[in-house]
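Working notes for the structure below.
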Amino acid sequence: MNHSKLRNLCILFLIPLLTLIFPSPEGLSSLSWVLAGIYLAAIVGLVTKPFPEPVLLLLAVAASMVVVSVMGDGLLKMSAVLSGYASSTTWLVFSAFTISAAFVLTGLGKRIAYILIGKIGGTTLGLGYVTAFLDLVLSPATPSNTARAGGIVLPIINSISLALGSEPESSPRKVGRYLMLCVYMVTKTTSYMFFTAMAGNILALKMIEDLMQVHVTWVGWALAASLPGLIMLLLIPYIIYKMNPPELKKVDNKAIAAEGLRQLGPMSRREKLLTALFVLALLGWISCDFLKLDASAIAVCVMGLMILLGIVSWDDVLKNRGGWNTLVWYGGIISLSSLLSKTGFFKWLAQVLEQNISFGNHGDIAFIVIIFLSIIVRYFFASGSAYIVAMVPVFALLANASGAPVMLTALALLFSNSYGGCVTHYGGAAGPVIFGVGYNDIKSWWIIGLVITLLTFALQMTLGVWWWEFLMSLNLL
């Protein structure tokens, strides 16, 4: 273990230790105070990363089990500490990871990409829109934008860049730099367009529903994000094209698409079945209220059918490290959050905020300030999940205390986590993967990312708010 990791590990142990040494604040129980220390240590661990996320959360859950056993006085059962693993949220994420892996394993993701290239990829700008439409098509059933952008879109777009003579070192501006920027900025947009488009969405929604007492369905989320999201998808390739114009303008897309589809061969039985199940999952999520089914039940059923029909094997599921890692650490963080809620920590924090922060009767101003702060703070986090765990509860409680419109603030917070990560090349796990290919420089990436972030913010605070209020008037939210 190197010195840096050892130092970070010592800090993680020190945080809950301090809550044991120092008395709890007035109005907060000792049990809740110590559990808050464990939660804070988990947040710091997610940021500093001395160990992988599942390891950190397993340690935090283990510490919570000991604390509840010793200090709980029988008020909390041990099942409460493990409640996150029984949460439908956790299993929805896990099942969706399996569905997304099938797009790679069967080759269906590549096939869709080459079909789009053949249809609209006749110019470099057209290829930029290919990244947008491909990511949009895949996003409803791909809860990892790293897998989506880095595992499906990036390899195809990178091979096209190389085929067009754009090398990372000698000729990045020919086409590669433009396309790589499109891949990342697009996926940070599609990631907030669907509840199931990014794993962090599901966790953020669970926290916001618990703290702000709102309910957002899969359909409600998709409708709320549709108008501002589609407008940004239409603008992003063009904005990048103007700010960082590629040297190559025309592309022989027909030849590229034909060669790609030739290598894939005829559409296989697995691809056809996956297409049918993908459509079935979308229809299920759209009509889950009518069917009186939970979104997680639909996801688990689709995953089971995929295994039963041979689209993926159980060995494929076992090899899906992203899904299992997420199952372990998501279940852990939901458990910790649930414990804090049960012991009154969030109620106490809300009272503290109400006593110390006031916007008077200017709830609308509070709304804009909170969302703008969420974007600024997001800049400092390399992990969207770490940002959600650390800051979403704070901003949600701040909204409650300030009189900000609850549903509008909830939606804006849910969306800002994703597009707030546009600015830096480390704003999400997909960033280092795409930046690491070597086409891009930091300066142009950050400038373009900042422009897209601020434009998205402005769009959501104006047209987005109007759209959300319109949907609310129709009882669609």
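Brief remarks follow.
- Helices (runs of 4 or more DSSP H) lying entirely in the range 111-222 (those with 3 or more residues that are of a type in the set (Ser, Thr, Tyr)): 124-138, 176-190
- Residues that are over 23 Å from the mean Cα position of the chain (by Cα) and either exposed (fewer than 15 other Cβ atoms within 10 Å of the Cβ) or at pLDDT below 90 (or both), drawn from the range 269-279: Arg269, Lys272, Ala276
- Close pairs (8 angstrom Cβ cut-off, 6 or more residues apart or separate chains): closer than 15 Å to Ser159 by Cα and in contact (Cβ under 8 Å) with a residue 60 or more places away in the chain in the range 104-115, of a type in the set (Gly, Ala, Ser) and part of a helix (DSSP H, G or I) anywhere: Lys110/Gly260; Ala113/Gly260; Tyr114/Ala257; Tyr114/Gly260
- Residue check for Ser69: hydroxyl-bearing (Ser, Thr, Tyr), farther than 24 Å from Ser313 by Cα and free of Cβ contacts under 8 Å to residues at least 24 places away in the same chain: yes
- Qualifying position, being in contact (Cβ under 8 Å) with a residue 24 or more places away in the chain, assigned by TED's automatic domain parsing to the domain that holds Leu127, out of contact with any Pro (no Cβ under 9 Å at 6 or more places or on another chain) and under 29 Å from Leu283 (Cα atoms), among Ile160, Ile202, Ile156: Ile156
- Residue match in the range 287-298 (condition: at pLDDT below 90, of a type in the set (Ser, Thr, Tyr) and under 22 Å from the mean Cα position of the chain (by Cα)): yes
- Residue check for Pro172: over 25 Å from Trp285 (Cα atoms) and either assigned by TED's automatic domain parsing to the domain that holds Ile256 or without any contact (Cβ under 8 Å) to a residue 60 or more places away in the chain (or both): yes
- Filter pass, Ala60 being modelled with pLDDT of 85 or more, small (Gly, Ala, Ser), part of a helix (DSSP H, G or I) and not assigned by TED's automatic domain parsing to the domain that holds Gln263: yes
- Within the range 7-36, the set of residues being within 31 Å of the chain's Cα centre (by Cα) and either in contact (Cβ under 8 Å) with a residue 24 or more places away in the chain or surrounded by 20 or more Cβ atoms within 10 Å (Cβ to Cβ) (or both) comprises Asn8, Leu9, Ile11, Leu12, Phe13, Ile15, Pro16, Ser32, Trp33, Val34, Leu35, Ala36.
- Residue match in the range 291-298 (condition: touching a Gly at 6+ places or on another chain (Cβ under 8 Å), in contact (Cβ under 8 Å) with a residue 40 or more places away in the chain and over 15 Å from Thr142 (Cα atoms)): no
- Hits in the range 179-234 - residues which are crowded, with 24+ Cβ neighbours inside 10 Å, aromatic (Phe, Trp, Tyr) and closer than 14 Å to Arg148 by Cα: Tyr184, Tyr192
- Test: residue in the range 116-135 that is under 16 Å from the mean Cα position of the chain (by Cα) and either among the aromatic types (Phe, Trp, Tyr) or within 30 Å of Met207 (Cα to Cα) (or both): yes
Yes/no matrix, rows are residues, columns are (1) at pLDDT 95 or above; (2) under 21 Å from Phe194 (Cα atoms):
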position: Ala390; (1), (2): no, no
position: Ala412; (1), (2): yes, yes
position: Gly421; (1), (2): no, yes
position: Gly427; (1), (2): no, yes
position: Phe457; (1), (2): yes, yes
position: Phe470; (1), (2): yes, yes
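- Residue check for Tyr184: more than 21 Å from Leu477 (Cβ to Cβ), within 17 Å of the chain's Cα centre (by Cα) and either modelled with pLDDT of 95 or more or of a type in the set (Ser, Thr, Tyr) (or both): yes
- Of all residues in the range 303-328, those satisfying the criterion of being farther than 21 Å from Ala86 by Cα, in a loop (DSSP other than H, G, I, E, B) and either in the same structural domain as Glu53 (by TED's automatic domain parsing) or not aliphatic (A, V, I, L, M) (or both) are Gly310, Ser313.
- Residue that is surrounded by the fewest Cβ atoms within 10 Å (Cβ to Cβ) [pool: residues in the range 72-98 that are outside any helix (DSSP H, G or I) and touching a residue at least 60 places away in the same chain (Cβ under 8 Å)]: Leu82
- Matching residues in the range 159-177 - criterion: being of a type in the set (Asp, Glu) and out of contact with any helix residue (DSSP H, G or I) (no Cβ under 8 Å at 6 or more places or on another chain): Glu169
The values are calculated or read from the model by the stated rules, or taken from the named source; none is laboratory data. Here the structure is a predicted model, which is why all the values come from computation and not from measurement. All Cβ positions, glycine included, derive from the backbone under ideal geometry; neighbour counts span all protein chains shown.
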